[in-house]
Every structure is written in structure tokens, then in C-alpha cells.
Amino acid sequence: MKEKISFFLSRQLLSIVLLIIFFIVSSLNDALWLSSIDEVLFVTGVFILIYIILIKVIPLFNRNLAGMEILAFLLLFIILLLPKLHSNIYEVSNGKIKLSYLLGLFGFLFLIVIYQLNFKPKTSFTKLKNYIITVLALFILIEICIIPSIFKDRNLLKTEILNFEKNKFDAQFKLTKKPNIYHIIFDAYTGFDGLDRYWQFRDTSFLNYLRTEKISFAYNAKTCNDNTLESITSLFNLKSFNNETKFRSLATKSHVYRKLIQKALVIETLMENGYTISNLSIFDIHDKKRYWDFPWLDPNISFPQYCFNQSLIGNLYKNYQSRNIANNNLLIISDLKQKVQVKKTSPLFTYAHLIMPHTPNNFDKDGNYIGNISNDKDAYIGELQYCNKIMIELIEMVKKDDPSAILILQSDHGSGMIPSNYDMEVSNILSLVVAPDSLQLEWPDSMINQNTYKHVFNALGQYAIPITSCQD
Ligand SMILES: [Zn+2]
């Protein structure tokens, strides 16, 4: 037995093989409900190619084979597993340990191995290699053991989605009035009450403007969810999707919630009532594709894309893409203004989603590009004031060019930047509505975002859809 184990441990490149197996199995477990077998085979093929290349390259150095293997192992570990390791540590340590710290640590280890190989080529790496192999084998075993529970979770989730969808179609609303509707989300805009209480900030000129123009706003508006996916799902389905699933990654969660948003009750209702849909958002709605891919909500979730996104290179690529946020926000605003001004034949529903004042806060209060990428509180308030300016422009434009329309300006959740009052601050949202007097559409002071379209449909179809609380 002992001989068998040592024969097994002494296999060349075994640590690399196990690392690759672990990466595929754990990614597969993360993404279990979204991958097809062809995709898995494609990814496996790519890794077999990497392995063959390593087998050819490593002996060329002809020095210390075990040492070269450890070096290759470290490199692959940094590229493939470090972001996974980081996202686990991140949860536990409340985000205190950054990916760059881990990158520094493992980069340092990498340099030590290079030093050993160069200046002490006779160093034995056998013990280290055995240790790595044992740990990896153990991790692979754990990943395989949890597969049945993932299948169980997946089936449970399917049932929960079915129930959610079934209830949805019990409600069908015929609208007698069909004004154009513009719904604009300012992502992560903390509501007025939260700004006042936790930021000690009040944009008095904006609040005065809203009051003099008699615009209905909910000072204490709330969301029952603290994140974009769940909040937008509740908004357009008139209720939360409550489920027990512990998603292993944001990509899998995104996959589920995006579908619920795409086929949401509000969108279907408006379609059935003859509305044309204009989509300026980060989600697909009905048959209208999203305006752009907001990289941090992982929209590309085929298995190869998933594997790429989870790697270090994928993470760096997302950061690089994030630079487009500023540009896309500006494009959306100008498209939105065009939608307001253009003559319409059928009623139009426009959903625009701005990643503002969500970080990175690219603009100062006057709309100058400053490109701030840190979580800076002054920068957040600056961009928030710019959002207020945009809102005034939109309100003026709608009043002038499309006075019979409904304009809803709202956020999906607060900033979440005040750890001491996280729950209170993040659940307080922006919520205001501009509508012609004839519709008598007003927000109650303690509006909850999942009730938004209950108020709208009640006004447009003489319904009395009951208003719910977060606990219902
Ligand atoms: Zn959001």
C-alpha cells in the first residue's frame, strides 16, 4: 500500500493534473445548472492542451523537474484558483482582504521558488509536492461529495421558480389608460431619509425643486432586498422571489434572477396592453436585449465564459470593462432624452438603468469626468448630486415634450457604504414620480419598491391591487 501511494505521489505533473481537475469540478459545481456537456468538454479540452504544453516545456529546463512542476503549479494556482480562494475569504473577513494582497503573497512565493531553482538547483521539492497533492486530492473529494446536495438544491430551486411563475399568471391587468412610461433606475442611490440620517447630507436645492414643482416623492421609500438582482426582480414582479438557495457564485444567482426579470409580470402586462418596449438597461426584458453587459453582474454564463470570468485574467478583464460604465451611462441618458422627444404611435415603456451613483463614481457634481475608482464617500455624494441634475433635466423635458407621460425615478437599493447602519441605509431608496394630475398618481411616504406598479396599475386600470409589506 505504501509503495502504491509513493508511486502515485511520484507521478510527474500530478499536482498540475489535480489542480486542473479541481478547477473543473469546482467550477462545474458552481455552475451546475447552466452548463451543457459540450461546454464542459470544451473547457476540459483546453486544460488537457495546457497539460500537454507543460509536459513538453518543463523537461526543456532539464534541472529540477519537481521544482519546475511547483513553479507551474503556483502559476496556474494564481491564474485559476486565487480569485476563487479570495471570494471565499472575502465573505468570511468582511471584505478586508483584497485580491491584490493575496496576489502579492503568492507572487512572493513564486519568486522564492524561482530563486531556489536558479541558485540552489539541488533543492528537493518532493515533500512540498506530496503535501500539495494530498491537499488537492482532499479538496477534489469534498467537491465530489457535495454534488448530490447541489442536485437537491437545483431541484428545489426549480420548484420555487415554477411556483413563483404560476402565481404570476393569476394576475392579469387590463389597462384603460395607457400613457407612455419612463422608468429610470439610479443604481445604489440612497433615499432622502438615509442620506439625511446616515450621510448627514441633504441636497436642499433639489428637494426645494421637487417641492415647488409639486413632484410626488417618498422620503422614506424602501426596498426589501439589498442587491440589484433581487430588488429589480421584486419591482417588476410585484413581490420578492423568496428562496432558500445558497448560490455558490454571483453568476449562478444572476442567471436565475435575470430570467425572472426578463419574463416579469409588469413587462408582460404592458406588452399585452399594447405597449412598445424600449430597453436601456443591463437586463434582457421580454425579447429586447440588454443595452450593455454590466461586467460585475456576470451576464455571460456559458461554462467556458464562466471559467474565464472566475480566473484572475477574467477578473482583470472585468475591471478593464468597468471603465465603460461612464460612457454607457452617458449614452443611456442621451438615448433616453431622444425617446422622450420623439413622436410615438403606440404607448411606450422605457426602462433605463444607470450604474450611478453606484461606484465607480466617475463624475463630479457638475458632470465632469473624474474617474474615481475607490469607494470614496465624497465621490459618491458628488456623483449623486450629478444624478439630481440629470433628474431635473429629465423632469423638465418630460413635462415639456411628453406631458401626459409617467416618469418614475427610483433606485434599486442604497449605497451600502455605511457599515454601522448597513441594513437601514441600504434598504432606503430614491422614489419619485411625475405624472399628469388626471392620473392622481402619488407615492405614499413609506413606499416599497415592489408596490410601485401596483400603484401604477391601480391608477391606469381602476384596480385595487392590495399593497404589501416586506413581510407579506
Ligand atoms: Zn444595484
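Every number here is computed from the coordinates shown, using simple stated rules; none is lab data. What you see is a predicted model; the values in this text were computed from it and never measured. Cβ placement follows ideal geometry from the backbone for every residue including glycine, while neighbour counts extend to all protein chains displayed.
Sorted fewest first by neighbouring Cβ atoms within 10 angstrom, Thr233, Thr350 come out as Thr350, Thr233. Normalising the Debye intensity of region 192-233 to I(0), with uniform scatterers on Cα atoms only, and taking log10 at q = 0.14, 0.17, 0.22, 0.29 Å⁻¹ returns -0.45, -0.62, -0.84, -0.98. Compared with the alpha-carbon gap, the fully stretched path from Asp423 to Asn368 is longer by 16.6 nm at 0.36 nm per residue. Mean projection of the Cα convex hull over all viewing directions, computed for the chain: 25.9 nm².
Modelled this way, with points 7 Å down the Cα-to-C-beta line, the labels at Ser100 and Ser149 are 3.6 nm from one another. The count of lysine pairs in region 2-145 whose Cα atoms are under 17 Å apart, excluding pairs fewer than 8 places apart on the same chain, comes to 6. Listed peptides 338-344, 75-81, 284-290 appear in the order 75-81, 284-290, 338-344 once ranked by packing, highest mean of other Cβ atoms within 10 Å at the front. Karplus-based coupling profile of region 465-472, in residue order and whole Hz: 5, x, 7, 10, 9, 4, 7, 5, with θ = phi - 60° in 6.51 cos²θ - 1.76 cosθ + 1.60 and x standing for Gly or Pro. If R0 equals 41 Å, the separation of the Cβ atoms of Asp378 and Ser438 corresponds to a calculated FRET efficiency of about 0.45.
Can you give the FRET efficiency to the nearest 0.05 for Ala137 and Asn319, using r as the Cβ-Cβ distance and R₀ = 41 Å? Efficiency at R0 = 41 Å is approximately 0.75. Over all pairs of different C-alpha atoms, region 246-344 has a mean inverse distance whose reciprocal, the Kirkwood radius, equals 15.3 Å.
Shown is the FRET efficiency for Ser93 and Ser404, computed with R0 = 56 Å from the Cβ-Cβ distance and rounded to the nearest 0.05: 0.60.
The base-10 log of I(q)/I(0) for region 401-459, evaluated at q = 0.16 Å⁻¹, reads -0.57 [Debye formula, identical scatterers on Cα atoms, solvent excluded]. Here each label is just a point 7 Å from Cα along the line to Cβ, and for Glu244 and Val46 those points are 3.5 nm apart.
What number comes out for the charge environment of Cys307, summing +1 per Lys or Arg and -1 per Asp or Glu over other residues with Cβ under 10 Å away? That sum, taken over residues with Cβ under 10 Å, equals -2. In region 89-139, Rg over Rh equals 1.11, where Rg is the alpha-carbon radius of gyration and Rh the Kirkwood radius from pairwise Cα distances.
Within the straight-line cut-off of under 21 Å between alpha carbons, the lysines reachable from Lys158 are Lys166, Lys168, Lys239, Lys246, Lys253, Lys259, Lys263, sequence neighbours fewer than 8 places apart in one chain being disregarded. Take the Cα of Ser6, step 7 Å toward its Cβ, do the same at Leu60, and the gap between the two points is 3.4 nm. Length, then width, then depth: along the principal axes, the Cα atoms of region 181-272 run 43, 35, 17 Å.
Expressed as a fraction of 2.2 N^0.38 Å, the C-alpha radius of gyration for region 2-145 is 1.12.
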